Every structure is written in structure tokens, then in C-alpha cells.
There are 2 protein chains.
Amino acid sequence: MLKRIRTQTAHSVLCYPVAATIFPTLFPRVQFDRAWELQSIYNELYCVVAGDEQWIYETIKDLFPVDHFAADLWEIHEKVKQAGGYVQDISAGIFRSDYMLQGGDVEIGLDANCNSSSDLELKQVEFNTISCAGGCHASKVVDMHRHLAKSGVYGSLTDDKSLCSLSSLPSNNNTESLAASLAEAHNMYGQPKSKVSTETAVLFVVQPDNFNVADERPIEYALWDQDIPAYRVEWGSDVLKYTSLSDTQELLFHPPWRGSQKPVEISVVYLRAGHEPHEYDEQGKEACLRLERSRAIKCPSLMAHILTFKKVQQALTVPGVLERFLAPEKVAAVRATFVPMYPLDESEAGQHARSLATDPEHAEDYILKPSLEGGGHNIYGADIPQYLSSIPRSSWSAYVLMERIPSPSVGNVLMSSERIDSSAVISELGIFGTCLWRKVGGQCDLLRNSTAGWSLKTKYADVDEMSVVKGFGCFDTPLLF
Amino acid sequence: MLKRIRTQTAHSVLCYPVAATIFPTLFPRVQFDRAWELQSIYNELYCVVAGDEQWIYETIKDLFPVDHFAADLWEIHEKVKQAGGYVQDISAGIFRSDYMLQGGDVEIGLDANCNSSSDLELKQVEFNTISCAGGCHASKVVDMHRHLAKSGVYGSLTDDKSLCSLSSLPSNNNTESLAASLAEAHNMYGQPKSKVSTETAVLFVVQPDNFNVADERPIEYALWDQDIPAYRVEWGSDVLKYTSLSDTQELLFHPPWRGSQKPVEISVVYLRAGHEPHEYDEQGKEACLRLERSRAIKCPSLMAHILTFKKVQQALTVPGVLERFLAPEKVAAVRATFVPMYPLDESEAGQHARSLATDPEHAEDYILKPSLEGGGHNIYGADIPQYLSSIPRSSWSAYVLMERIPSPSVGNVLMSSERIDSSAVISELGIFGTCLWRKVGGQCDLLRNSTAGWSLKTKYADVDEMSVVKGFGCFDTPLLF
């Protein structure tokens with residue numbers, strides 16, 4: 001379900017079903033399993049990188065003049081250090097690594113003669129470190145597909161028995177797994193440390209006018225079911241209004257309904273907000289600073305948040321970089337999922353990328369992505385040269401250029417609140433990872449490293465952007481073969 | 001959730017939250033427990049009465065000329081007998097007995113000096129034997145109230161600690177309990193009996209344009225969770241289109257998505273339709289006849305369906321009648337929940353009722369109810385004399401006159417999709433009962449007799465009708481004291 005924001009009143013709200021495919025979509029089991037196995041390595045990589053402040057600074061510092069978001073976040077980081085530094089050495093992460101299949105001229109099929117899956121490669125679209133959404137929606141949709149398979153609805157539509165077989169439709173426990181990782185962080189925080197609190201709780205920081213509440217609330221309820229209190233507060237002014245820092249930097253939450261009773265000490269701050277540049281007005285910056293300065297375990301911390309940016313993803317593809325963070329065999333596994341990415345700056349690689357991006361013929365094979373955003377503002381293929389010519393050359397370095405992943409399309413029927421259409425479709429597999437790590441000196445001590453679940457999103461093959469909210473994409477279930 | 005029917009399209013539908021109270025409503029624990037204990041006696045009563053065709057005929061036969069619904073149902077019963085009689089001697093029931101508290105001048109409160117609950121009496125509003133709704137909604141709302149209590153939201157709004165205590169807010173397992181009764185009926189049906197089927201399933205017969213799907217689907221899913229297939233078909237033409245009777249009267253379901261595969265033999269027909277007069281057009285009658293003629297266990301059977309009518313409720317209040325069906329100690333317990341009810345026919349009691357109903361002063365204390373409906377078309381108090389003068393005197397006997405239950409009001413805040421209001425409110429407690437019985441000769445052999453759960457509905461004190469769908473009432477949780 002998604003909330004229909006414009007219908008919201010003081011007493012009620014309409015909602016509508018989240019977009020979903022009618023059928024599960026063919027996806028090779030070997031690539032699904034591979035993505036699952038890779039997650040613990042990706043978790044490790046990002047936990048280790050998050051601890052390397054120097055590398056992060058070197059990677060993003062050139063963006064400060066051209067992208068205020070980069071500058072804003074780094075300024076908050078500097079302010080934390082000026083105010084005495086970080087007082088919590090444990091960080092939590094709920095990550096999602098997104099992949100597509102590479103092999104656009106391969107036909108995916110169930111034909112026994114078509115040994116196609118071995119010709120396909122798993123390529124990473126992006127790695128998300130903050131506010132990773134869709135876990136609960138994905139669980140609902142797989143439950144739907146599994147129910148339809150059980151009830152025999154798919155039976156007469158295909159001769160293939162596997163569509164009716166539950167073993168081909170993986171279930172997932174995203175909600176419980178994500179809650180379990182927050183619960184572990186909560187337990188690790190331990191007893192209240194401030195003098196004024198006698199209880200601890202997890203705090204969900206959410207966006208105002210939130211259409212995605214049905215993707216967040218189940219995680220909150222799953223915590224309550226374990227007797228872990230979980231509250232929510234809106235990003236920005238409400239964080240400032242309802243929280244405070246104790247003398248010893250515990251984050252205190254003052255529930256508005258409690259009046260003058262004791263505040264609740266926050267063990268874990270789970271961010272489902274703060275990932276968009278517009279959220280960093282003065283109040284947003286101040287809210288972020290307060291959370292970062294506090295003793296609460298952040299999911300994610302500011303350093304881990306910065307890693308979500310495309311600039312970081314691109315920097316990790318530079319030869320030799322992965323070796324700085326991972327053992328050789330892990331480097332190879334991760335690198336195999338990379339596609340070429342380039343900065344669009346004044347460097348040699350950047351000059352090469354600029355020549356590709358401004359050439360209409362070459363540009364066709366690329367996507368231009370803002371360096372510092374989580375997605376949704378990409379420029380695709382043939383549109384790139386014209387777009388670049390419309391902005392000052394000085395701001396080109398705020399972008400990275402990524403090779404398009406030519407992905408095989410299969411048939412499905414997509415159902416959103418706008419329309420229902422039979423179409424050629426392309427899928428994107430997301431793997432959720434959860435971790436918990438302690439920074440000890442310059443080292444990262446991994447306390448938890450789990451693969452938590454998955455989501456599959458499927459869009460029309462002729463639409464570039466994967467967005468369920470905008471009606472281009474649907475939640476889906478892989479039909480493993 | 002309720003579906004917003006007028007927004008339904010081929011690919012999507014809007015829905016909105018079912019109306020709920022903001023707070024749980026005070027309700028005396030002793031009366032709650034009493035209603036719970038009474039249910040097994042009521043279950044027994046209605047199972048036994050359902051087997052007494054002669055008594056049912058005598059009770060409703062005078063209505064045939066004035067109410068076509070009575071005549072329609074009895075005609076179907078006669079046709080079943082003409083076609084060879086009932087071939088299934090087991091019946092299932094999902095019942096709901098509704099109560100209000102009597103004692104309008106008693107103040108309900110938590111004041112320790114106010115020993116009010118002992119001055120209150122539990123009085124039955126009606127007994128429902130078909131398509132009893134609200135079980136799943138009620139579970140959702142109690143989960144909400146218990147969550148709000150756990151999260152401390154109620155803490156500062158009252159000094160009373162019991163509002164924060166979960167032991168005062170009973171949980172319920174309506175969905176699982178109702179599914180369990182259907183599962184037991186399914187298992188009792190046993191293996192497929194027809195030559196053409198190899199599997200059995202429960203069939204939900206539902207209304208077209210069904211706003212209440214969120215109250216039905218969870219029961220269906222709970223059956224699937226026990227590996228019992230459950231399908232749904234719409235009342236009327238779809239029943240005729242997708243079912244057939246085998247030579248040996250098994251009910252065969254032909255899922256439209258299965259093509260020419262083997263039909264599914266229906267073990268249990270669960271009716272969430274067929275309870276409204278307008279549903280008995282020619283196709284509705286034919287559908288009902290087919291279901292009744294079949295070997296499937298009906299929940300409820302036609303005889304049990306007829307017992308839902310107000311005329312039957314009134315007839316059971318006639319002195320000496322309960323003694324025909326129950327042991328003396330059970331008679332007393334049931335009778336204590338009755339309020340005076342009268343027929344509005346030519347009998348002596350009817351003449352007395354007519355004098356009450358046509359006198360504006362007396363009429364104030366009564367409700368005029370159609371004899372053969374499940375509710376929603378009542379005439380209240382001062383409106384009765386004028387209403388009766390607007391219809392032919394010959395149709396008066398289609399009504400019963402019931403004394404109003406003066407119920408104590410308490411304060412609450414009601415939230416529906418239309419409005420949110422603080423108000424004096426009055427509650428109605430429903431207790432769900434499930435049973436399974438076999439007719440052996442003239443005797444009723446009770447195979448299952450369970451109290452399955454409860455629902456509490458609360459309305460504005462100044463509104464006569466209790467209707468959640470019309471926005472007058474809310475689902476609620478009793479705050480037991």
C-alpha cells in the first residue's frame with residue numbers, strides 16, 4: 001500500500017496498492033544465488049570504507065564547489081569534530097545492492113535447449129546505504145505471487161510446471177530481518193546512560209508527508225513484538241523539537257504525548273529521511289548535526305551515508321582502489337559486478353568520459369548520473385550531449401558517466417494504479433544487507449554481517465527509469481530457473 | 001481497510017481505513033465474560049432450532065404473504081425436498097450474538113466508589129447466523145489499540161493506569177478462530193466423493209462489488225496457511241457459471257483459470273453473500289438451490305440462515321419456547337439477555353404491540369424492525385407511528401417491535417473517513433461462535449461448539465443506527481474494568 005498524500009486529512013487517508021507484476025519474472029537462479037552470496041562482501045567493503053575518512057574526503061572534495069549537498073554533509077562532519085567528535089564508535093547499516101543482468105542479446109527462456117543463464121552476468125546498478133526502501137513491499141508482493149501460484153491461477157497460462165512450484169518462488173523475511181538488525185544494535189547499545197532516562201528505544205526518523213509509511217511501519221511493529229519500543233519523528237524541525245542532547249551526549253526523545261515525564265534515551269537512530277538534498281535546509285542541517293553528535297547508534301552514520309553517492313561507486317571502480325579495502329579473492333568477486341564508470345571532471349579519465357558523453361553516437365551507451373544523489377535524476381543515452389550543453393561546463397564534474405547495462409527483456413504484465421499493460425520488461429534485483437561495526441583505531445571490527453533479504457523490481461523495457469512510485473516499475477518475484 | 005468501490009478499475013482500487021475509535025471504550029469485565037460464556041449456549045440453541053423445521057415453518061409462515069424474502073427462502077427449501085432432499089447431514093455455523101448494556105441511568109466510570117457494573121445488564125440486540133462480518137476488522141483495531149497502549153500514547157491523557165495496561169485490553173484471534181472452524185468442517189467432509197475430482201476446497205461465496213474484501217481475505221489466507229485450498233466466487237450468476245452438481249450431488253467448482261482440468265470438489269460453502277432480499281432474483285434463487293442441494297457442508301445451511309431473522313428472535317422470547325430447545329438452567333441464562341419483543345400481527349400480543357407502536361408516547365421506547373432482515377432498515381422511537389401510517393396495515397405483520405435498550409454512554413473520540421469527533425458514545429459487543437452439527441433423525445448432534453472471538457462496535461450516542469459502513473459506528477476495543 002502507498003498513502004495517497006493529497007487526500008490526507010486530520011482523520012483519514014486514502015491508500016492504494018503498490019504497483020506489482022501480475023506474474024513472477026524469469027530470473028536465473030545462479031545469478032540470484034550469486035547476488036545473495038556477494039552481499040556479505042559488499043557489506044564488509046562499505047563498512048571498511050566508511051571508516052576511512054581520508055579516502056572519502058579525497059573522493060568527494062572536488063565536488064564541494066559544484067554540489068552543495070556534498071559541502072553540506074562534510075560541513076556537518078566537520079562540526080561534529082569541532083564539537084568534540086563522535087562519541088559512538090558503533091555504526092549500523094541497512095544496505096541494498098542493486099543489480100541487473102548483463103546480456104541484452106541473450107534470450108531468457110525456459111526452453112531446455114536454451115542454456116542462457118550462463119551467458120548472463122550480474123552487474124551492479126548502485127549500492128544504497130541510507131533509507132533503503134521496499135523491503136516490506138517486496139515481502140507483500142512475493143506473498144501475493146506465492147499465493148497465486150498455490151491457488152493454481154498460473155496453471156493454465158503456461159505449460160511450464162515451474163510457475164506453479166513454490167520452490168521456484170523464493171520467499172523472504174525482509175521485515176523480520178531488518179527489524180532483527182535494529183534489535184541487535186539496540187541491544188548492543190545497552191542500558192540507558194543518561195541520568196534522566198530509565199528506558200531506551202529505537203527512533204525512526206521519517207520524511208513529512210510520507211507516502212511510504214506502509215514500508216516502514218511493519219519494521220516498527222516487528223520491534224514492538226520483541227518488546228523493543230520504537231518511535232518515529234519527522235526529519236527537520238520535529239527532530240529539533242522532540243529530541244535533545246544530554247550533558248553526556250545521549251540522544252533524548254521527549255514524546256509529545258508524555259508531557260513532563262522522563263525522556264526516552266535513543267539507542268538507535270534509523271534514518272528513513274535525510275537522503276535528499278532539499279532536506280538540508282537550516283533545520284535539516286541542525287537536526288543531522290544533533291543526531292550525529294549523539295551517542296545513539298546511527299543507521300547509517302554520516303560517513304556511511306556519503307558512501308551511497310555515485311561518485312563513491314565510481315571511485316571504487318578505479319583500478320587498485322578495492323585492493324585498499326578487501327582481500328584479493330573478494331576484490332575479484334566484487335569487481336566482476338562492476339561496469340565501466342567515469343568521473344566527468346578535468347582528470348584524464350574525466351576527459352575521456354567527456355568525449356564519450358558529448359558524442360551522440362557513444363553517449364547512447366551511457367547514463368549520466370548526479371554524483372551525490374540516490375537516483376531519480378539520471379540522464380539517459382542520447383539525451384546526454386544536449387543536457388551537458390545546457391549546463392555550465394564547470395558543473396560537469398558533479399556527474400559521473402556509467403555504461404548502460406544491456407539487460408535481456410522478458411514478457412510480463414505490469415499493474416500499477418495508473419494502468420495495466422502486457423510488455424517486454426527488465427528487472428533489477430536488490431539484495432538487503434545488514435551490518436553492525438565498531439571503529440577501533442583505524443580498523444573496522446565487523447560485529448554483524450548478514451544478508452537480510454531481497455527485492456525485485458521490474459519496469460517496462462522501453463522506459464529508462466526504475467521507479468515504482470512514478471508508475472514505471474513494479475515489485476516482483478523472481479521465477480528462478 | 002474498506003475498498004472504495006466507485007474508484008475500482010480493471011487494474012487498481014482505492015481503499016481507506018475502516019472507522020475506529022481513538023481510545024478503547026470502558027466496558028465492564030463481568031459483562032464481557034458473561035457474554036463470552038453465554039455463546040456456547042446460544043450456539044447450542046441455534047443449532048437445535050435449525051433442526052426443527054416444523055417450528056421454523058410455524059414461526060415464519062404468516063410472513064409469506066407479506067414478505068417475499070420469507071416466501072423465496074421457503075420455496076427453495078421445498079424445492080430441495082422435491083428434488084430428493086438434503087444429502088449433507090452436517091451443518092456449520094459462524095454466528096455472532098450482539099449485546100448492549102442495559103442501564104441508561106448508570107454512569108460508567110473508573111471511580112473506585114462507583115460500583116456501576118453490577119447495576120448493568122447484558123441484553124441481546126440480535127443474533128446473526130449468516131455472513132457475520134467484522135471479525136478481521138475487529139482484530140486489526142484491537143491490535144492498534146494495544147499498540148497505542150504499549151507505546152504509551154494513552155499515558156498522559158488519563159490518570160488511570162489501566163488504560164496503559166494490556167491486561168485490560170483483551171486481544172482476539174478472530175481470523176484464526178473462524179478459519180479453524182471452516183478447516184474442521186473441511187476435514188470432516190473428508191476425501192472427494194465424486195468420480196471427477198481428486199481434491200477438495202472451501203468455497204467463499206461473496207457479493208459482487210464487495211467493499212468488505214479485507215474482512216474476508218484474511219480468513220481465506222489463514223486456510224491456505226494450513227494447506228486448505230480456499231476459492232471465492234460471486235453470488236448469483238458466477239455460482240451458476242463456475243459450479244455444477246455431479247450425478248451424486250457433489251458441488252464441483254470449475255476455476256475459470258483452469259480450463260479443462262479436473263474440477264475441484266467443494267467441501268464447505270462459506271456464505272458471505274445471500275443475506276439480502278435483493279440477492280434473490282432468479283439467478284440468486286437458482287444459485288442458492290444448487291448450493292443447498294449439494295453435498296457440500298453449508299456455513300450456514302438454509303434453515304440456519306432463516307434463524308437470523310428478527311421474527312425468530314421474537315418468537316424465542318415467547319414464554320415456553322426456549323424450554324422446547326434447552327435445558328432449564330440454560331433457558332434462564334439465555335432469557336436473562338432478552339428484552340421484550342412483540343409480533344405486529346393479528347394475534348393478541350400483536351394487537352398489544354400495535355397499540356404501543358401507534359402511540360407516539362409509548363413508541364419512543366421501541367424499535368420497529370423488519371422481521372426478515374439482518375438489520376439496517378429499522379425505524380426508531382418517535383418515527384414509528386408515522387411510518388406505520390404510511391404503509392398498508394396488511395404489511396404490518398412483516399415487522400416486530402423491540403424494546404429499546406437504554407444503554408449508558410461514555411466519552412470517546414470516533415474516527416471515520418468522514419470525520420473525527422469527540423462524543424458521548426454507546427457500544428455493542430458481538431461474540432463470535434462457531435459450531436458444527438449433524439442432524440441425526442430429529443436430534444442435533446453437536447460436533448463443535450466454540451466461542452471464537454469478539455468485536456466491539458461503538459457509535460455516537462445520539463445516532464440510532466450502528467453502522468460502521470455508513471460512518472455512524474467504529475470498531476473498538478473494550479477497556480475492561
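The values are calculated or read from the model by the stated rules, or taken from the named source; none is laboratory data. Just so it is clear, the structure is predicted and the values come from calculations on it, not from any experiment. Because the Cβ atoms are built from the backbone with ideal geometry, glycine has one as well, and the counts that use them run over all protein chains shown. These accessible areas exclude ligands, DNA and RNA; they are computed on the full protein's heavy atoms, side chains included. Shrake-Rupley method; radii C 1.70, N 1.55, O 1.52, S 1.80 Å.
Tabulated data for the structure shown
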quantity: Yes/no for residue B:407 being under 30 Å from residue B:349 (Cβ atoms), modelled with pLDDT under 95, open to solvent by less than 40 Å² (accessible area, probe 1.4 Å) and touching a strand residue (DSSP E or B) at 6+ places or on another chain (Cβ under 8 Å); calculated: yes
quantity: Single match in A:155, A:135 (criterion: among the small types (Gly, Ala, Ser) and either under 17 Å from residue A:428 (Cα atoms) or open to solvent by 30 Å² or more (accessible area, probe 1.4 Å) (or both)); calculated: A:135
quantity: Unique match (being modelled with pLDDT under 90 and more than 14 Å from every other protein chain (Cβ to nearest Cβ)) among A:48, A:66, A:13; calculated: A:66
quantity: Residue match in the stretch B:230-240 (condition: among the small types (Gly, Ala, Ser), buried (at least 21 other Cβ atoms within 10 Å of the Cβ) and within 11 Å of chain A (Cβ to nearest Cβ)); calculated: yes
quantity: Qualifying positions in the stretch A:289-307 - under 13 Å from residue A:275 (Cα atoms) and open to solvent by less than 10 Å² (accessible area, probe 1.4 Å); calculated: A:299, A:300, A:302, A:304, A:305, A:306, A:307
quantity: Exclusive hit being within 14 Å of chain B (Cβ to nearest Cβ), touching a residue at least 40 places away in the same chain (Cβ under 8 Å) and not polar (S, T, N, Q), set A:271, A:203, A:245; calculated: A:203
quantity: Meets criteria (within 14 Å of chain B (Cβ to nearest Cβ), of a type in the set (D, E, K, R) and crowded, with 21+ Cβ neighbours inside 10 Å) for residue A:250; calculated: no
quantity: Which listed residue, of A:394, A:371, is farther than 15 Å from residue A:464 by Cβ, at pLDDT below 95, small (Gly, Ala, Ser) and open to solvent by less than 70 Å² (accessible area, probe 1.4 Å); calculated: A:371
quantity: Every pair of residues 6+ apart whose Cβ atoms lie under 9 Å, when the first sits in the stretch A:398-412 and is without any contact (Cβ under 8 Å) to a residue 24 or more places away in the chain while the second is among the acidic types (Asp, Glu); calculated: none
quantity: Enumeration of residues in the stretch B:180-199 that are touching an Asp or Glu at 6+ places or on another chain (Cβ under 6 Å) and open to solvent by less than 20 Å² (accessible area, probe 1.4 Å); calculated: B:194, B:197
quantity: Members of the stretch A:23-81 that are over 21 Å from the mean Cα position of the chain (by Cα), open to solvent by less than 50 Å² (accessible area, probe 1.4 Å) and among the aliphatic types (A, V, I, L, M); calculated: A:26, A:63, A:66, A:71, A:76, A:80
quantity: Test: residue in the stretch A:470-477 that is at positive phi, open to solvent by 10 Å² or more (accessible area, probe 1.4 Å) and more than 14 Å from the chain's Cα centre (by Cα); calculated: yes
quantity: Number of positions in the stretch A:253-271 that are open to solvent by less than 10 Å² (accessible area, probe 1.4 Å) and out of contact with any Phe, Trp or Tyr (no Cβ under 7 Å at 6 or more places or on another chain); calculated: 2
quantity: Residue A:345, sole failed condition from (1) crowded, with 18+ Cβ neighbours inside 10 Å; (2) not in a loop (DSSP other than H, G, I, E, B); calculated: (2)
quantity: Filter pass, residue A:167 being at pLDDT below 85, assigned to a helix (DSSP H, G or I) and surrounded by fewer than 21 Cβ atoms within 10 Å (Cβ to Cβ); calculated: no
quantity: Residues within the stretch B:417-439 that are of a type in the set (Gly, Ala, Ser) and open to solvent by less than 10 Å² (accessible area, probe 1.4 Å), tallied; calculated: 2
quantity: Residue A:346 vs. criteria at pLDDT 95 or above, over 21 Å from the mean Cα position of the chain (by Cα) and either within 14 Å of chain B (Cβ to nearest Cβ) or over 26 Å from residue A:180 (Cα atoms) (or both); calculated: no
quantity: Lone unmet requirement of (1) within 12 Å of another protein chain (Cβ to nearest Cβ); (2) open to solvent by less than 60 Å² (accessible area, probe 1.4 Å) for residue A:227; calculated: (2)
quantity: Residue ID - nearest to residue B:371 (Cα to Cα), chosen from residues in the stretch B:125-156 that are of a type in the set (Gly, Ala, Ser) and more than 10 Å from chain A (Cβ to nearest Cβ); calculated: B:131
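One line per residue, one yes/no per condition, for (1) outside any helix (DSSP H, G or I); (2) over 18 Å from the mean Cα position of the chain (by Cα):
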{"site": "B:209", "(1), (2)": "yes, yes"}
{"site": "B:214", "(1), (2)": "no, no"}
{"site": "B:232", "(1), (2)": "yes, yes"}
{"site": "B:241", "(1), (2)": "no, yes"}
{"site": "B:262", "(1), (2)": "yes, yes"}
{"site": "B:268", "(1), (2)": "yes, yes"}
{"site": "B:295", "(1), (2)": "yes, yes"}
{"site": "B:304", "(1), (2)": "no, no"}
